[in-house]
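Participant: Let me give you the structure first, and then I'll get to my questions.
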Amino acid sequence: MNKISLALLGVVAVASLSYGQNKFSIQDVIERAQQQSPDAKVNETTKKTSYWQYRQFKAGFNPQLILAGNAPTFSQRYQPVTQPDGSIAYRAINQTNPGMSLYLQQPIQWTGGTISAYTTLNYFNDISSNASQWNGTIFNIQLSQPVFAFNPFKWNQKIQPLIFEESKRSFVEQKEAISSDAAGRFFDVLKAQINIQIAKYNLANNDTIYKIEQGRYNIGTTSKDKLLQVELQLLRSRQDVAQANLDFQTFSLYLRTFIGLKDGESFQLILPENVPVFDVSVDDALKFAKQNRKDFIAFERRRLEAARDVAQAKGTRYSSTLNAQFGLNNSALTAPDLYNNPQRQQVVNVGFQIPIFNWGRNYAAMQTAYANKTLNDYLIDQNEIRFDQEIITRVNQFELLWLQIEITKKSDEVAQERYNVAQNRYLIGKIDITNLNIALKEKDEAKRAYVEALRSFWVAYYDLRRLTLYDFSEKRLLYNQND
């Protein structure tokens, strides 16, 4: 078999893998992952949950109109009744007593109080005596106002919008995290795919070499030792093909499940050699990160929560509440008569609770809140430092990553050319099988190193997008606050 036939065998071995298959780029895989992966569905659901939680919070400051009541209640029993002389007499009771109330409640977010208004209507009918009576509150307005107390409404107005803003930014960050994860899975399959190509190519070559070595052995130009060495190399090639197929099936299953690909749909991945080249500085990366990342919203939110806990500890040292109400009520034999000359109903009281001595409980609660706030401030400062270091490290990697791609690509080309030269020299008997195997090993290692360099770049690229929520390649923001 000549050199042309040997090359054709390698081409057929490589081409057989991709025949009749869909070809996916890394962008195709990432797009599918962002739309169909389980992580994407969880991310989308979390976004919706956060949105409705925030809507629920906002609705809590709106008035509520509540209709309450009970259907006609029928009662027939004996009940003890106190007589004028103090004795007890059991009387038969046979009556019905329906009622209905309409409430309107409105929290006062600036003061932490609640104002409400209601009207009620009750009817009583004694079936035994056929006596009936109406009772109702025509109108009643109430105010319940804590005095010098902790106001949860005020703090929630500051904290809840930050939590909602965090959730929106977290959604975009998770999308980029899915992209980075998809890139890693993409290269797991691609590496296995290339290993199959390498293994099949090597198997075809080693099979040809074995036949050549057999011919040389038959005419006495090579030794039994070299023939056995070539045969062992052929057996290893067959084992490499089997292992490469197993790895490809395993990683393909992981990727197929991740991107929601149908079981019967085959695919082949395209090596993403066209890497974007862009300018990225540490200052720009930090600027976009602090502008867009949820972490810096979280830092502000955590500081507010610590300050809220201190205010709550102070507000619980003593409590005082002002309750006031004014209304009109009446009773009558008929419902329309309730509205004739109703009586005023007024209540005003101030309740208070001041601990005289509680063994330092309130003081301990306040000191705990202060200590937690100090600890929280320290942890936030540390998180900010780590946050900056992570971005600085990632940005500084890119110069090295581009250089690695350039070097490994050139090494791959040189190793392939060296193997071709070694193969030709072996065919004409200028080198032995040992030197050919060394060239073969270097060729395979160079190809895998090039693929690994591409993997490192693409994973780092999408990770930088996650860290800054900015695409330096296309020069665009990945997060829009109005979305």
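Participant: Which order do the peptides 167-177, 37-47 take when ranked by the mean count of other beta-carbon atoms within 10 Å per residue, highest first?
Facilitator: Put in order of decreasing packing, that is 167-177, 37-47.
Participant: How large is the charge dipole for the chain, taken about the Cα centre, if only the Cβ atoms of Lys, Arg (+1) and Asp, Glu (-1) carry charge, to the nearest 20 debye?
Facilitator: The dipole magnitude comes to about 320 debye.
Participant: With n ≥ 4 as the cut-off for DSSP H runs, can you work out [θ] at 222 nm for the chain, using -39500 (n - 2.57) per run divided by the number of residues, rounded to the nearest 500? Present the calculation step by step, with values, prior to reporting the outcome.
Facilitator: Working: 9 runs with 288 residues, N = 483.
That comes out to -21500 deg cm²/dmol.
Participant: For the range 361-411, state what percent of all Cα-Cα pairs lands in each successive 5 Å bin, counting from 0 Å until the bin that includes the largest distance.
Facilitator: Calculated over all Cα pairs of the range 361-411, the distribution is 4, 17, 11, 11, 10, 8, 8, 7, 6, 5, 4, 4, 3, 1, 0 percent.
Participant: Within the chain, which complete DSSP H helices have Cα atoms spanning at least 20 Å along the helix axis and a mean Kyte-Doolittle hydropathy of 0.0 or higher?
Facilitator: Once both thresholds are applied, what remains is 3-18.
Participant: Give the long-range amide H neighbours of Gln109: residues separated by 5 or more places, or on another chain, with amide H under 5 Å away, using H modelled in the peptide plane at 1.01 Å from N.
Facilitator: HN-HN under 5 Å from Gln109: empty list.
Participant: Report, in listed order, any pair from Lys211/Lys410; Lys47/Lys154; Lys226/Lys430; Lys175/Lys447; Lys294/Lys314; Lys158/Lys314 with a Cα-Cα distance greater than 21 Å.
Facilitator: From the list (Lys211/Lys410; Lys47/Lys154; Lys226/Lys430; Lys175/Lys447; Lys294/Lys314; Lys158/Lys314), the Cα-Cα distance tops 21 Å for Lys211/Lys410; Lys47/Lys154; Lys175/Lys447; Lys294/Lys314.
Participant: Taking R0 as 56 Å, what's the FRET efficiency between Leu143 and Ile270 from their Cβ-Cβ distance, rounded to 0.05?
Facilitator: Efficiency computed from Cβ-Cβ geometry: 0.20.
Participant: Something else about it: Using the alpha-carbon centroid of each, what span in Å lies between the range 205-222 and the range 44-71?
Facilitator: One Cα centre to the other: 82 Å.
Participant: Express as a percent, rounded to the nearest 5, the fraction of DSSP beta bridges in the chain (both residues included) that run antiparallel. Walk me through the intermediate numbers first.
Facilitator: Working: 65 of 68 bridges.
In the chain, DSSP labels about 95 percent of beta bridges as antiparallel.
Participant: What are the ³J(HN,Hα) values, in whole Hz, obtained from phi via the Karplus relation 6.51 cos²θ - 1.76 cosθ + 1.60 with θ = phi - 60°, for each residue of the range 96-111 in sequence order, with x given for Gly and Pro?
Facilitator: 10, 8, x, x, 8, 9, 10, 10, 10, 10, 9, x, 9, 5, 6, 10
Participant: Roughly how many nanometres apart are two label points built 7 Å out from the Cα toward the Cβ at Phe326 and Asp284?
Facilitator: Reported label-point gap for Phe326 and Asp284 is 6.6 nm.
Participant: Ranked highest first by the average count of other Cβ atoms within 10 Å around their residues, in what order do 437-450, 247-260, 119-132 fall?
Facilitator: My ranking of the peptides, most packed first, is 437-450, 247-260, 119-132.
Participant: Taking 7 Å along the Cα-to-C-beta vector as the label spot, tell me the Tyr378-Glu452 distance in nanometres, rounded to one decimal.
Facilitator: Output for this residue pair reads 4.2 nm.
Participant: Applying a 10 Å radius around every beta-carbon, put 51-58, 281-288 in order of their mean neighbour count, most first.
Facilitator: Values: 51-58: 13.0, 281-288: 15.0.
Ranking, from highest mean packing down: 281-288, 51-58.
Participant: Amide H neighbours of Tyr470 under 5 Å, at least 5 residues apart or on other chains, H built in the peptide plane: list them.
Facilitator: Leu478
Participant: Taking the Cα-to-Cβ direction at Ala311 and at Asp126 and moving 7 Å from each Cα, how far apart do the two end points lie in nm?
Facilitator: The modelled label-to-label distance comes out at 5.6 nm.
Participant: Using the Cβ atoms and a cut-off under 12 Å, what net charge is assigned to the surroundings of Thr408, where Lys and Arg are +1 and Asp and Glu are -1? List each step's numbers first, then the result.
Facilitator: Numbers: positive: Lys409, Lys410, Lys447, Arg448, Arg455; negative: Glu273, Glu406, Asp412, Glu413, Glu445, Glu452.
Local charge sum for Thr408: -1.
We did not get these values from a lab; they are worked out from the coordinates using the rules stated. Every value quoted in this text rests on a predicted model; they were computed, and no experiment measured them. No Cβ is skipped: glycine too gets one built from the backbone with ideal geometry, and neighbour counts run over all protein chains shown.
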